[in-house]
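Just passing along the structure, written as structure tokens.
Where a number appears in this text, it was derived from the coordinates with a stated rule and is not lab data. Please read these numbers as outputs of a predicted model, since none were measured by experiment. Backbone-built Cβ (ideal geometry, glycine too); neighbour counts: all protein chains shown.
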Amino acid sequence: MYQFVSVVGPDASEFLQGQLTQDVDRVTDTGILPAAWCNAKGRVYATMYIAAAPDGLILVMPANACAEVMQRLVMYRFRAKVELAVADDRWRAMALSDNAGYRCLEKRSLLPEPGATASCAALHIVRPLSASDFVEIYGHADALRDSGLRFDVLLDDDEWLAHRIRAGLATVDAHNREKFTPHMLNLDRVGAISFTKGCYTGQEIVARTENLGRSRRRLGYFKASAPGIEVGQKVSDAQRDIGDVVNVAGTDVLAVFPHEGNFGQLQAGGISLRRERLPYDL
């Protein structure tokens, strides 16, 4: 589901600061932060986390987006003293939602409050704000071993994606890249954009949207009446297409659509959709 990219060198932070939507300088304080990489037109190419590592920084991104993101990022390197490489295979990504797992984290003071993170060395825990409570863990095998953490029950990839959808966390990968701006995906609402840092690829478009004070289209969470909806399908009411499906896991759906307006019965691929509440305000 996820792959890790190591970013090292004297200019690693400065290089990523000019590429990602997040303020990379904050990573040293918080350990791990959400971010996105956009193209020059301000469309999201991939969503990710950026995290501190013992020898530099780590990007955690969808596995099917990793190779091309790395290839394209290198094109912006120029004279920067920075190296990007797939991190060693001992980095781990996992998620859990069971009480035993929470107790294990709590005993080691590594269970953050909802909407917060916790970090210890090369181990990062994210607890998104969600009615469907869950925890994401990203870390090196050595850090996991040294922490003494042991989990009996982990979410599989489909369960994990469903939890992220319910939390209103969009995943942009090879299947839906370069279609949506950060604001359309609510990245400004989940702390994945800095509006105080300097320029980065696509920043002009992102800043313009923020300065206008609104985005007509936003990410919404929907419950489908049956499985079968696919990423990229159109969301429509009885009269016209109004949105696009971003992520799907079973009957849990994220879609970008006009968040203001009155619509009839919504559907995608002939399957009806019921709009649900997000855990944050738009």
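Averaging sequence separations of C-alpha pairs under 8 Å and six or more residues apart, then dividing by the length of region 91-144, give the relative contact order as a whole percent.
So the answer I get is 40 percent.
So, one more: Express in whole angstrom the spacing between the alpha-carbon centres of region 190-227 and region 143-158.
Each part reduced to its Cα centre gives a spacing of 32 Å.
Relative contact order of the chain: what whole-number percent is it, with Cα pairs under 8 angstrom and at least 6 residues apart?
Relative contact order here is 19 percent.
What is the dipole size for region 103-168, taken about its Cα centre, with +1 at each Lys and Arg Cβ and -1 at each Asp and Glu Cβ, in debye to the nearest 20? The partial results should precede the final answer.
Values: 8 positive and 11 negative charges, 53 e Å.
For region 103-168, the charge dipole is close to 260 debye.
Separate question: Extending each Cα 7 Å along its Cβ direction at VAL231 and LYS179, get the distance between those two points in nm, one decimal.
Label-label distance for VAL231 and LYS179, simple model: 0.9 nm.
Kindly provide the helix-only [θ] at 222 nm of the chain, computed as the sum of -39,500 (n - 2.57) over DSSP H runs of four or more divided by all residues, to the nearest 500 deg cm²/dmol?
The per-residue figure over the chain is -5500 deg cm²/dmol.
Something else now. Excluding same-chain pairs closer than 8 in sequence, count the lysine pairs in the chain whose Cα atoms lie under 29 Å apart.
For the chain, the number of qualifying lysine pairs is 9.
Then there's this: Rounded to whole Å and sorted largest first, list the principal axis extents of the Cα atoms in region 141-214.
Sorted largest first, the three principal extents are 48, 26, 22 Å.
Sorted from largest down, give the three principal axis spans of the alpha carbons of the chain, whole angstrom values.
55, 47, 30
If R0 is 22 Å, what FRET efficiency do you get for ARG103 and ASP55 from their C-beta distance, rounded to 0.05?
E(calc), rounded to 0.05, equals 0.10.
Hey, got the dipole for region 41-142? About the Cα centre, +1 on K and R Cβ, -1 on D and E Cβ, debye to the nearest 20?
With only Lys, Arg, Asp and Glu charged at Cβ, the dipole is about 420 debye.
ALA80 to ARG26: FRET efficiency via 1/(1 + (r/R0)^6), r the Cβ-Cβ distance, R0 25 Å, to the nearest 0.05?
0.80
Now a separate question. Could you tell me the distance between the Cα centroids of region 101-128 and region 262-278, to the nearest Å?
Value for the Cα centre distance between the two parts: 35 Å.
Summarise the long-distance tail of P(r) for region 187-282 by giving the % of C-alpha pairs beyond 19 Å.
Distances greater than 19 Å cover 47 percent of the Cα pairs.
How large are Rg and Dmax for region 91-144 when calculated on the C-alpha trace, in angstrom?
10.3, 32
Any idea what Rg and Dmax come out to for region 50-158 if you just take the C-alpha atoms, in Å?
My reading of the Cα-based Rg and Dmax gives 15.6, 49 Å.
State the extension gain, in nm to one decimal, for the chain segment bounded by ASN211 and GLU14, taking 0.36 nm per residue of separation less the distance between their alpha-carbons.
That pair, ASN211 and GLU14, stretches by 68.4 nm at full extension.
Suppose each label sits 7 Å from its Cα in the direction of the beta carbon; what would the ASP133-LYS41 distance come out to in nanometres?
Output for this residue pair reads 4.3 nm.
Next up: Lys/Arg Cβ at +1, Asp/Glu Cβ at -1, dipole of the chain taken about the Cα centre: which of PHE134, VAL253, VAL24 is farthest positive-ward?
Comparing the listed Cα positions along the dipole, VAL253 ranks first.
Given springs between every Cα pair under 10 Å in a Gaussian network model of the chain, which of ARG177, ARG92, ARG108 has the largest fluctuation?
Among ARG177, ARG92, ARG108, the largest mean-square fluctuation in the Gaussian network model of the chain belongs to ARG108.
Under a Cβ-only charge scheme (Lys and Arg +1, Asp and Glu -1), can you give me the dipole magnitude of the chain about the Cα centre, in debye to the nearest 20? Display every interim value, and only then the final one.
Values: 32 positive and 35 negative charges, 143 e Å.
In debye, rounded to 20, the chain gives about 680.
Select from ALA36, GLN203, GLY168 the residue farthest towards the positive end of the dipole of the chain; place +1 on Cβ of Lys and Arg, -1 on Cβ of Asp and Glu, and compute about the Cα centre.
GLN203
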